[in-house]
Amino acid sequence: MFFDSHAHYDDKRFDNDREEIIKDAFDNGVSYILNASSSRQSVAKSIFLANEFENVYAAIGIHPHDAKDMDEDFLEELKNYAKSQKVVAIGEIGLDYHYDFSPREVQKFWFKRQIGLAKDLKLPIIIHDREAHQDVLDIVKSEKAGDVGGVFHCFSGSVEMAREVLNNNFHISLAGPITFKNAKKAIEVVEYVPMDRLLIETDSPYLAPEPYRGKRNYSAFVKFVAEKIADIKGMKLGEVAQKTTANAKRLFKIA
């Protein structure tokens, strides 16, 4: 049974069949789903979903795209949202230099403030890092984010970066791109990272793996990520499922 450690079922692409698609994922080998927030609106939606489904959990935080809309009042609201027993992480937070939907200095400021929130609440962090590797690592180190740890979701860095991530008490999560034909760097990362520090995810509805690339992604497709890791590591699929599920449950303190 798989733990999809990063999905976005609050996304509008699930508006017509959200309940059915989540139930279908649970009927097809998924045992846990973590819904990661990205905007003010998605925080409340994520908690609602977590309360609707027994094995859905929520991460709360503001994505770098929406950092421009963040303020101290909402940071206080996040503290109240975190009182929900189904909230298990702060995220996804970080830096995105691909789109620059928010100014980079604004992204950095609220990344740091939300790391501080995670440390205050003693919750792990889910990090979004797109084309901002060095700045993300610098902030993780300067803000001592390793005190609570967490995961770099949909990891896109090198083996050298993976070493830094592990040394700072973070896990690495792989998604659909590891199944793509140009996934050489991701394969090297999987070869390097020990099994007790790996998670798997879909990032639904984005990044569907082969053979569904370009389609709407959903949690049952996480098995294709696990199959690729099993192939790279020379393991059985059931072993990868068991170990990555145990890793996620330990990280997010799920009994």
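Taken together, the values in this text are just the output of simple stated rules run on the coordinates, not laboratory data. Values in this document were obtained by computation on a predicted structure and should not be read as measured data. Note that each Cβ is placed from the backbone with ideal geometry, even for glycine, and that neighbours are counted across all protein chains shown.
Just a few scattered comments:
- Exceeding the 32 Å Cα-Cα cut-off - candidates Lys23/Lys228; Lys108/Lys228; Lys181/Lys236; Lys122/Lys181; Lys86/Lys181; Lys68/Lys181: Lys108/Lys228; Lys122/Lys181; Lys86/Lys181; Lys68/Lys181
- Along the axis of the charge dipole computed for region 111-234 (Cβ charges of +1 for Lys and Arg, -1 for Asp and Glu, origin at the Cα centre), the listed residues Ser158, Ala183, Asn169 are led at the positive end by Ala183.
- Global geometry of region 61-123, whether rounded, prolate or oblate, following the gyration tensor of its Cα atoms and the 1.5 cut on a/c: prolate
- Restricting region 28-114 to trypsin sites (Lys or Arg not before Pro) that sit in a DSSP loop and have at most 10 other Cβ atoms within 10 Å of their own Cβ leaves Lys83.
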